[in-house]
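The values are calculated or read from the model by the stated rules, or taken from the named source; none is laboratory data. Worth saying up front: this structure is predicted, and the values here are computed from it rather than measured. A quick note on method: Cβ atoms are made from the backbone with ideal geometry, for glycine too, and the neighbour counts reach across all protein chains shown.
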Amino acid sequence: MKLPSKVKLVDVGPRDGLQNEKSPVPAAVKIELVHRLQDAGLTEIEVTSFVSPKWVPQMADNAQVMAGIRRKPGVRYSVLTPNMQGFEAAVSTAPELWPDEIVVFASASEAFSQRNINCSIAQSIERFRPVVQAAQARHIRVRGAISCAVACPYEGEVAPERVELVARLMKDIGVEHIGVADTIGVGTPIKVQRAMEAALKHYAVDQVSGHFHDTYGQALANTLVCLQMGIWQFDTSCAGLGGCPYAKGATGNVATEDVVYMLHGMGIATGIDLHKLVEAGKFISDFLQRKPNSRAATALLSKAEA
């Protein structure tokens with residue numbers, strides 16, 4: 001078994017982690033979180049989402065956040081733009097404030113697609129087509145995500161063939177990289193492996209990443225099985241921020257701190273300073289007035305206080 005020697009983590013905490021918080025998080029706090037993450041060594045950060053504030057009020061300050069970031073060379077800043085209206089908003093400012101990458105997402109579940117974005121999978125792909133073309137015309141990278149790649153809260157288990165279908169459709173419209181997401185965190189290693197194998201039928205291993213929620217405590221195991229497949233890119237969330245509004249009790253993405261601790265213990269490089277990362281997670285957790293949802297962070301903070 002040959003494992004990757006280096007892994008790239010995309011911290012989605014500022015976007016995916018905070019988007020469902022009921023109380024407003026000021027733009028200044030979000031900007032500081034991004035700064036702390038990049039200072040800890042993160043080179044990929046999902047910053048915000050250009051969606052209607054009616055549906056995601058937490059992201060209404062997207063332009064303010066993008067304008068306030070002190071950009072660091074070598075760091076890629078991405079945003080979610082689910083339609084042309086969102087994309088046009090993301091590039092309505094000066095080019096130096098544009099995102100380096102946009103993210104579009106489609107579900108492997110028809111039921112989830114209808115409930116979440118009120119259209120079929122095929123219709124969602126056609127919605128993304130002009131977005132992808134517009135981004136590429138501006139030399140902005142396009143990353144795609146396949147949600148509910150293992151299971152759906154409405155229709156149960158999702159067959160790998162559905163993942164393959166969406167991967168093919170994404171490839172056809174020019175999406176450069178695909179993330180396979182266990183949106184509600186019910187996946188186990190074999191199920192995740194099958195979903196990944198389906199995506200790999202249309203994308204090279206260097207163009208595929210994993211996005212695992214930790215509802216049933218399986219995210220690290222699911223990450224490990226992907227590493228064994230040669231996959232070396234993953235979405236994570238500092239302090240385990242987030243949750244899925246469609247799955248009662250679902251936690252956020254696997255905590256960045258926990259993944260970094262595991263990877264470093266396996267001799268796999270990340271370029272991330274774990275102690276600075278823990279402090280970044282503590283910063284946002286203190287603001288939210290709760291403890292970090294990361295076992296590694298909890299252990300290291302307790303050790304520091306002892």
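Can you spot a residue in segment 111-122 that is in a loop (DSSP other than H, G, I, E, B), among the polar types (S, T, N, Q) and in contact (Cβ under 8 Å) with a residue 12 or more places away in the chain? Reasoning before the result, please.
Pass one, segment 111-122, residues in a loop (DSSP other than H, G, I, E, B): 118-120.
Filter once more, so that each one left must be among the polar types (S, T, N, Q): 118, 120.
After this cut, where a residue has to be in contact (Cβ under 8 Å) with a residue 12 or more places away in the chain as well, the list is none.
For segment 111-122, residues in a loop (DSSP other than H, G, I, E, B), among the polar types (S, T, N, Q) and in contact (Cβ under 8 Å) with a residue 12 or more places away in the chain: absent.
What number goes with the only condition from (1) of a type outside the set (Val, Ile, Thr); (2) in a strand (DSSP E or B); (3) under 17 Å from residue 86 (Cβ atoms) that residue 9 does not pass?
(3)
For segment 282-293, state whether one or more residues are part of a helix (DSSP H, G or I) and over 15 Å from residue 17 (Cβ atoms).
First, the residues of segment 282-293 that are part of a helix (DSSP H, G or I): 282-288.
Now restrict to residues that are over 15 Å from residue 17 (Cβ atoms): none.
Checked segment 282-293: no residue is part of a helix (DSSP H, G or I) and over 15 Å from residue 17 (Cβ atoms).
Residue-by-condition table, conditions (1) under 19 Å from residue 158 (Cα atoms); (2) touching a Lys or Arg at 6+ places or on another chain (Cβ under 9 Å):
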residue	(1), (2)
96	no, yes
110	yes, yes
126	no, no
129	no, no
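Quick check on residue 128: is it touching a Ser or Thr at 6+ places or on another chain (Cβ under 6 Å), part of a helix (DSSP H, G or I) and surrounded by 23 or more Cβ atoms within 10 Å (Cβ to Cβ)? Don't jump to the end; show me each part of the working.
Numbers: touching a Ser or Thr at 6+ places or on another chain (Cβ under 6 Å): no; part of a helix (DSSP H, G or I): yes; surrounded by 23 or more Cβ atoms within 10 Å (Cβ to Cβ): yes.
Taking the combined requirement at face value, the residue does not satisfy it.
With the requirement that a residue be touching a helix residue (DSSP H, G or I) at 6+ places or on another chain (Cβ under 6 Å) and either surrounded by 22 or more Cβ atoms within 10 Å (Cβ to Cβ) or within 12 Å of residue 75 (Cβ to Cβ) (or both), what does segment 20-38 give you? Reasoning before the result, please.
The first filter runs over segment 20-38 and keeps only residues touching a helix residue (DSSP H, G or I) at 6+ places or on another chain (Cβ under 6 Å), leaving 21, 27, 29-31, 33-34, 36-37.
Residues satisfying the conditions are 30, 33, 34, 37.
Take segment 98-110 and flag every residue that is more than 13 Å from the chain's Cα centre (by Cα) and either in a helix (DSSP H, G or I) or closer than 16 Å to residue 144 by Cβ (or both). Walk me through it before giving the result.
Narrowing segment 98-110 to residues more than 13 Å from the chain's Cα centre (by Cα): 98-100, 106-110.
Those that are more than 13 Å from the chain's Cα centre (by Cα) and either in a helix (DSSP H, G or I) or closer than 16 Å to residue 144 by Cβ (or both): 99, 100, 106, 107, 108, 109, 110.
Considering (1) at pLDDT below 95; (2) closer than 16 Å to residue 140 by Cβ, say which one residue 100 fails and leave the rest.
Going through (1) at pLDDT below 95; (2) closer than 16 Å to residue 140 by Cβ one by one, residue 100 breaks only (1).
Among the residues of segment 181-208, count how many are touching a Lys or Arg at 6+ places or on another chain (Cβ under 8 Å) and closer than 17 Å to residue 4 by Cβ.
Count: 1.
Give the residues of segment 83-115 that are buried (at least 18 other Cβ atoms within 10 Å of the Cβ) and either of a type in the set (Ser, Thr, Tyr) or closer than 22 Å to residue 71 by Cβ (or both), sorted by residue number.
86, 87, 90, 91, 98, 99, 101, 102, 103, 107, 109, 113
Which residue out of 42, 33 is of a type in the set (A, V, I, L, M, F, W, C) and part of a loop (DSSP other than H, G, I, E, B)? Don't jump to the end; show me each part of the working.
Numbers: 33 fails: part of a loop (DSSP other than H, G, I, E, B).
42 is the lone residue from the list that is of a type in the set (A, V, I, L, M, F, W, C) and part of a loop (DSSP other than H, G, I, E, B).
How many residues are in a strand (DSSP E or B) and either out of contact with any Asp or Glu (no Cβ under 9 Å at 6 or more places or on another chain) or over 26 Å from residue 224 (Cα atoms) (or both) if we restrict to segment 251-281? Reasoning before the result, please.
Kept after step one, since they are in a strand (DSSP E or B), are these residues of segment 251-281: 253, 255, 269.
Now narrow it down to the ones that are either out of contact with any Asp or Glu (no Cβ under 9 Å at 6 or more places or on another chain) or over 26 Å from residue 224 (Cα atoms) (or both): 269.
Number of matching residues: 1.
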